[in-house]
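J.: What follows is a single structure, and I will ask about it in a moment.
The values are calculated or read from the model by the stated rules, or taken from the named source; none is laboratory data. Keep in mind that what you see is a predicted model, and the values were worked out from it rather than measured. Note that each Cβ is placed from the backbone with ideal geometry, even for glycine, and that neighbours are counted across all protein chains shown.
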Amino acid sequence: MATDYYAVLGVRRDAGQDEIKKAFRRLARELHPDVNPDPKTQERFKEINAAYEVLSDPSKRQMYDLGGDPLSSNGGAAGGFGQGAGFGFSDIMDAFFGAAGGSRGPRSRTRRGQDAMIRIDISLEEAAFGTTKDIQVDTAVICTTCNGEGAAPGTSAQTCDMCRGRGEVSQVTRSFLGQVMTSRPCPQCQGFGTVVPNPCPECAGDGRVRARRTLTVKIPAGVDNGTRIQLAGEGEVGPGGGPAGDLYVEVSENAHPIFQRRGDDLHCTVTLPMTAAALGTKVPLETLDGLEEVDIRPGTQSGQSIPLHNRGITHLRGGGRGDLIVHVEVQTPNKLDAEQEELLRRLAKLRGEERPSGHFAPGQQGLFSRLKDAFNGR
């Protein structure tokens, strides 16, 4: 043959594949038209492409060593799929960026499953003290018929005859740069490198099936609305029987008929007649810990608050609990009969309040007014 491919790459005839690839990378970096725009280098670049295409492929190299012309046997490598071509875009990437630009190889059928999330409703009492809940989850689980392999019992996956297990096929085309190879996932095996001729009848080759499971979830004391509890490995099983993802349980706290939660404190409002507020009384209140009496001291004003310490929500991190704050609203009667009105007038006379002058103060300031006063030093 007229061209000595070993001489073109500058390697010995007994050179190994690593030595041939290194020689090609060195010359490609030096002669690639994007690096060296000299038109004379294009022919030289084509020569090293052809030399590498032959010497990097064992079958073509053997044919060349025996005196044959492996390039003419496939029409100058003008096209076609399979392993026949050695040089490609990945090798150019190797030449400029190292092994990171190399062939990807077949992708694994086994992959991690996706995470899943389920929402669970709990009461205020359950959020305060914690609880245990049984939940039903519909997720993908491993197929017990094929144990995640995807193949029918007694069979197994086989090497793809189109890509010969590489997971990708290559096509050689001609361009002004010479012969250029492009690679894409094998259309027959979808890039896995293997095919399953007899898929499992239970999972249709996916290695997993849908199933309903019952899980027990421990809800810690102090959780709030929107808190997510992670259950590692309880999510979707991955394709091919891959490891399962995680399951997240999102807590949704139901509204309470009496208490409103603010952080770890609870708030409620008790409405009292003015006589009870003036004279004082005790009001029964059903707290999270049971029935208790709220002590309304004589002279309690509307808007006052009475704290019941350690009657709130358990702190999620750390010990102790929040407080229960009882807000007092004093109700003034708007309808009086004659006797009641007479009694109130006598009370007002006794207290010297028949014609009170009242006490006036500036109206409630807004946020911007308070900020303005703060900056002005008032």
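J.: From the residues in region 314-357 that are in contact with a Gly (Cβ under 8 Å, 6 or more places away or on another chain) and exposed (fewer than 13 other Cβ atoms within 10 Å of the Cβ), which one is modelled with the lowest pLDDT?
T.: Taking region 314-357 and keeping what is in contact with a Gly (Cβ under 8 Å, 6 or more places away or on another chain), we get 314-317, 321-324, 327-329.
Adding the requirement that they be exposed (fewer than 13 other Cβ atoms within 10 Å of the Cβ) leaves 317, 329.
On the way: R317: 85, E329: 96.
Result: R317.
J.: Just to check your reading of the model, which residue among G245, G263, G207 is exposed (fewer than 15 other Cβ atoms within 10 Å of the Cβ), out of contact with any Leu (no Cβ under 6 Å at 6 or more places or on another chain) and not hydroxyl-bearing (S, T, Y)? Walk me through how you get there before you give the answer.
T.: Working: G245 fails: exposed (fewer than 15 other Cβ atoms within 10 Å of the Cβ); G207 fails: exposed (fewer than 15 other Cβ atoms within 10 Å of the Cβ).
Going through G245, G263, G207 in turn, just one is exposed (fewer than 15 other Cβ atoms within 10 Å of the Cβ), out of contact with any Leu (no Cβ under 6 Å at 6 or more places or on another chain) and not hydroxyl-bearing (S, T, Y): G263.
J.: Another question, then. Of everything in region 264-292, what is of a type outside the set (S, T, N, Q), more than 30 Å from N225 (Cβ to Cβ) and assigned to a strand (DSSP E or B)? Give them in sequence order. Give the derivation first.
T.: Of the residues in region 264-292, the ones of a type outside the set (S, T, N, Q) are 264-268, 270, 272-274, 276-280, 282-286, 288-292.
Keeping just the survivors that are more than 30 Å from N225 (Cβ to Cβ) gives 272-274, 276-280, 282.
Of everything in region 264-292, those that are of a type outside the set (S, T, N, Q), more than 30 Å from N225 (Cβ to Cβ) and assigned to a strand (DSSP E or B) turn out to be L272, P273, K282.
J.: In region 313-338, which residues are over 18 Å from E293 (Cβ atoms), part of a loop (DSSP other than H, G, I, E, B) and within 37 Å of the chain's Cα centre (by Cα)?
T.: Matches in region 313-338: I313, H315, L316, R317, G318, G319, G320, G322.
J.: Please enumerate the residues belonging to region 43-86 that are modelled with pLDDT of 50 or more and at positive phi.
T.: To start, the set of residues in region 43-86 that are modelled with pLDDT of 50 or more comprises 43-72.
Passing the criteria: only G67.
J.: Looking at region 189-206, which of its residues are small (G, A, S) and in contact with a strand residue (DSSP E or B) (Cβ under 8 Å, 6 or more places away or on another chain)? Reasoning before the result, please.
T.: Step one: filter region 189-206 for residues small (G, A, S), giving 191, 193, 204-205.
Of everything in region 189-206, those that are small (G, A, S) and in contact with a strand residue (DSSP E or B) (Cβ under 8 Å, 6 or more places away or on another chain) turn out to be G191, G193, G205.
J.: Take G363 and tell me if it is of a type in the set (G, A, S), closer than 30 Å to D224 by Cβ and modelled with pLDDT under 90. Write out each step before concluding.
T.: Working: of a type in the set (G, A, S): yes; closer than 30 Å to D224 by Cβ: no; modelled with pLDDT under 90: yes.
In short, no.
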